[in-house]
1. If we scan segment 114-121, do we find a residue that is assigned to a strand (DSSP E or B) and either among the small types (Gly, Ala, Ser) or more than 25 Å from ASP7 (Cβ to Cβ) (or both)?
2. Determine whether SER38 is of a type in the set (S, T, N, Q) and under 23 Å from GLU138 (Cβ atoms).
3. Kindly indicate whether any position in segment 100-119 is at pLDDT 90 or above and more than 20 Å from LEU151 (Cα to Cα).
4. Condition check: open to solvent by 70 Å² or more (accessible area, probe 1.4 Å) and in a strand (DSSP E or B). Does ASP92 satisfy that?
5. Residue pairs, Cβ under 8 Å, 6 or more apart or interchain, first in segment 27-51 and among the aromatic types (Phe, Trp, Tyr) and modelled with pLDDT under 95, second open to solvent by 80 Å² or more (accessible area, probe 1.4 Å) and assigned to a loop (DSSP other than H, G, I, E, B). List them.
6. Go through segment 76-85 and give me each residue that's free of Cβ contacts under 8 Å to residues at least 60 places away in the same chain and not in a loop (DSSP other than H, G, I, E, B).
7. Can you pull out the residues in segment 149-166 that are surrounded by 12 or more Cβ atoms within 10 Å (Cβ to Cβ), modelled with pLDDT of 85 or more and among the small types (Gly, Ala, Ser)?
Amino acid sequence: MGAITYDHTSPIPPAKLFNIILDADKLIPRILPQAVKSVDILQGDGHQTGTIYAAQFGEGSPHNSVKIHVDEVDEENFIYKYTVIEGDALQDVIEKIAFEVQILPTTDGGSADGGSIISINSTYYTKGDAEITEDVQEIIKSGKEIAGGILFEALDAYLSAYPNAY
């Protein structure tokens, strides 16, 4: 098992950013089609605990697809937990990857118009006694760079261009 935590600072207020996360299945394929081709809801309504998504990655991704289970949606505290439960991103040694996303207001006094700090903790569970090899560590690093950088930068840019979208 291994864990990685990374943060991203956004000019977007926490409530608005959380709504974007809840709508990510529709928004991300539109703004980053080279990374995520499509996201389909297999079970649930897309905004509640128990929802299951299937994501098909774009040609710019080293992976083809993943299946994601939503573990918890806490709209009051802006916490979103989900687990990658299937897909080629898990490789042969990873059983699942659990993510906890928490959005906090920046230290501007927590005003409704202030920005956010998105904290993402990802925990990698290996199959049995399997070790995470250097190749798998590179894949994990790549995923961190995509989620922690490219994705949130694209969301920030989208909302800067369309401030009334959410």
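1. Yes, segment 114-121 contains at least one residue that is assigned to a strand (DSSP E or B) and either among the small types (Gly, Ala, Ser) or more than 25 Å from ASP7 (Cβ to Cβ) (or both).
2. no
3. no
4. Numbers: open to solvent by 70 Å² or more (accessible area, probe 1.4 Å): yes; in a strand (DSSP E or B): no.
In short, no.
5. Listed by first residue and then by second, the contacts come to nothing, as the list is empty.
6. Initially, segment 76-85 is screened for residues free of Cβ contacts under 8 Å to residues at least 60 places away in the same chain, giving 76-77, 79, 81-85.
ILE79, LYS81, TYR82, THR83, VAL84, ILE85, listed by residue number.
7. Scanning segment 149-166 gives a single hit, ALA154.
The values are calculated or read from the model by the stated rules, or taken from the named source; none is laboratory data. Here the structure is a predicted model, which is why all the values come from computation and not from measurement. No Cβ is skipped: glycine too gets one built from the backbone with ideal geometry, and neighbour counts run over all protein chains shown. Just so you know, the surface numbers come from the protein's heavy atoms only, side chains and all, with ligands and any DNA or RNA stripped out. Shrake-Rupley method; radii C 1.70, N 1.55, O 1.52, S 1.80 Å.
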